[in-house]
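Written out below as structure tokens is the structure these notes cover.
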Amino acid sequence: MEGDRPAEARAHVSQCPSCRYLVEDMDSIRLAAHAWSAEQTDPPARLWISLRAQLEQEGLIRDAGQRAVPVSQTDQAERPRGWFAGIFTIVPRPALAGAYLLALVAACIALTGPSARQLNESRWISGTQDSTGTLSAQLQTAERDSVSAMAVSDPVVTASLHDNLAIVDNYIALCEKSVREEPESEIARDYLYDAYEQKANLLAQMTERGVNGR
Amino acid sequence: MSTLATLRSQRRWKAAGLLVPGLLLCSAASADRLERHFKVEAHPVVTIHNPNGTVTVRAWTKSDVMVVARRATTEVEVDAEQTGNRVDVQTRQVADTASPDDLRTDFEISVPEDAELQIHNDSGGVNVSNVLGDMNVETIAAGVDLEDTAGYLTVKTVGGAFQCLRCAGRLEVTSISGNFKLIDLRSYYVRAQTSEGNILFNGSFLPNATYVLKNYSGAIEVRFSPGDSFDLSATSLKGKVHNEANLTPSSHHHFVPRFGNALFGTFNSGRARVELNSFDGTINILKRD
């Protein structure tokens, strides 16, 4: 199969672990199909005759000669089935499995291609913005309240809280940039959410100190 | 400057030279010592709220809690009281005009080794040794040093550093800019997260234990010995991963992340789970000296 695959597909599969695993799985299935195909032998004619007689006796099928369906309708019904079935009789099964595999790989490449990727990225960006936009606005409000409410009793503590708030804000900015650059990166999004959580915790501590007057 | 003016200036400096030590002595004399004892049963709970100063807690063999407080001035009051098997220690500001230095109080507290501790200390420092009960420590700028402790340890600082020497049990520590040093640990679960700080882990990898170390920037350093056994996952999104361990491909990680620098593998039979994550910091997995 490696030789049948287009160069672009081969290059993509060598770069993309997800598609590589998919192709490996498909190859395994294809090999298994080959093995079954090789082992398959035609059943004896008497078995078909016996089976047909049994099915007719049970009324599950009718003899072709007893059909009352008009010939024109029969043709319409038969033609597509015959055409489709004809493919299976003409083309060997392993080749069909290979074609199926190629179609899957092509679909996979198409899905991860530039246009699909852009679509995915824009979806991720809008999804992340939806989930973090409200949070960010709430944190900004909380920050205004916390900083104004904080009692300036111990300059060491006050300086530490302000310094660390600046650190967290800086990480939020870095993570947001990273998410914009790589919208599909779960790790970047996890870090962004973590940074928001840290800021929320820090603001809670600042508010607590403001309320307690410490 | 005239000769007379020079002499006056010299006299002023001499007077100041005599005055400063005098003031320092007065200040030392004003720092008074308070001592309280509380009889407790097994597994007592001791809570300490001290905004400014050093809190030192040691375990002893007596079934008592002894609280020794040293106040910088009388601008601050120390409350220590017992409710059932719980002892609450708290410093309280009594004058609005007091400066932060006036409010400083240092504590030395002796507790039974099975005591449970809850410590809140904003600035100064927290030192705990030989206490085997559960512990919760929260600080802002104060550093936290634990030694020979066990139980369920949760530590949260904003900017304070954290050091844990020969700690056991379960450890969860978070900070924003504090550095962590975890030395000779025997913990079966460690989760350490700091944003800007460095993390050093130089301890035992217990079978079936989990070690999760995470930061944004700074360095994560993990030391290992040839006999250690762990399954490693190390990812730095923007930084680098340096590894000296001879890893075999892990059976647990089929998918390599598309983003960042990642390293997965098993060292020996992979009995412990080690997870190292950094945003743009460097991860070092180094042989123990």
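The values are calculated or read from the model by the stated rules, or taken from the named source; none is laboratory data. Model, not experiment: these values are computed from the prediction. Glycine also receives a Cβ, built like all others from the backbone with ideal geometry; neighbour counts cover every protein chain displayed.
Could we say that B:Thr73 is of a type in the set (S, T, N, Q), surrounded by 16 or more Cβ atoms within 10 Å (Cβ to Cβ), at pLDDT 50 or above and under 21 Å from the mean Cα position of the chain (by Cα) here? No: the conditions fail for B:Thr73. Against the criterion of being at pLDDT 95 or above, within 23 Å of A:Arg209 (Cα to Cα) and charged (D, E, K, R), B:Asp64 does not qualify. Per the listing B:Gly260, B:Gly197, the residue uniquely closer than 22 Å to A:Ser185 by Cβ and within 14 Å of another protein chain (Cβ to nearest Cβ) is B:Gly260. Residues in segment B:98-136 that are over 17 Å from B:Val40 (Cβ atoms) and assigned to a loop (DSSP other than H, G, I, E, B): B:Ala98, B:Ser99, B:Arg104.
Restricting the search to segment B:122-133, which residues are modelled with pLDDT of 95 or more and within 27 Å of A:Met206 (Cβ to Cβ)? Selection gives B:Gly125, B:Val126, B:Asn127, B:Val128. Every test in (1) within 14 Å of another protein chain (Cβ to nearest Cβ); (2) on the phi > 0 side of the Ramachandran plot is passed by B:Asp184 save one, and that test is (1). Restricting to segment A:195-211, count the residues that are of a type in the set (A, V, I, L, M, F, W, C) and surrounded by fewer than 20 Cβ atoms within 10 Å (Cβ to Cβ). The number of residues fulfilling the criteria is 3.
Residue by residue, here is whether (1) more than 10 Å from chain B (Cβ to nearest Cβ); (2) exposed (fewer than 12 other Cβ atoms within 10 Å of the Cβ); (3) assigned to a helix (DSSP H, G or I); (4) modelled with pLDDT of 65 or more holds:
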residue: A:Cys108; (1), (2), (3), (4): yes, no, yes, no
residue: A:Asp130; (1), (2), (3), (4): yes, yes, yes, yes
residue: A:Ser136; (1), (2), (3), (4): yes, no, yes, yes
residue: A:Thr158; (1), (2), (3), (4): no, no, yes, yes
residue: A:Leu174; (1), (2), (3), (4): no, no, yes, yes
residue: A:Glu184; (1), (2), (3), (4): no, no, no, yes
residue: A:Tyr193; (1), (2), (3), (4): yes, no, yes, yes
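The criterion of at least 3 residues that are surrounded by fewer than 21 Cβ atoms within 10 Å (Cβ to Cβ) is met, among strands (runs of 3 or more DSSP E) falling completely within segment B:160-274, by B:168-175, B:186-194, B:219-224, B:241-243, B:261-267. Out of everything in segment B:121-174 that is touching a helix residue (DSSP H, G or I) at 6+ places or on another chain (Cβ under 6 Å) and β-branched (Val, Ile, Thr), what residue ends up being farthest from B:Asn202 (Cα to Cα)? Only one residue tops the list, namely B:Ile140.
Count of segment B:132-143 residues, restricted to those that are in contact with a Gly (Cβ under 8 Å, 6 or more places away or on another chain) and more than 15 Å from A:Val157 (Cα to Cα), is 4. Given the options B:Val190, B:Val222, B:Val155, B:Val212, name the one that is at pLDDT 95 or above, under 22 Å from B:Thr54 (Cβ atoms) and either away from chain A (no Cβ under 14 Å) or in contact with an Asp or Glu (Cβ under 8 Å, 6 or more places away or on another chain) (or both). Going through B:Val190, B:Val222, B:Val155, B:Val212 in turn, the sole match is B:Val155. Restricting attention to segment A:12-34 and to residues that are of a type in the set (A, V, I, L, M, F, W, C) and closer than 16 Å to A:Ala103 by Cα, the residue that is surrounded by the fewest Cβ atoms within 10 Å (Cβ to Cβ) turns out to be A:Ile29.
I'm trying to understand the selection: among the residues of segment B:54-74, which are over 19 Å from B:Glu147 (Cα atoms) and within 14 Å of chain A (Cβ to nearest Cβ)? Hit for segment B:54-74 is B:Ala72, nothing else.
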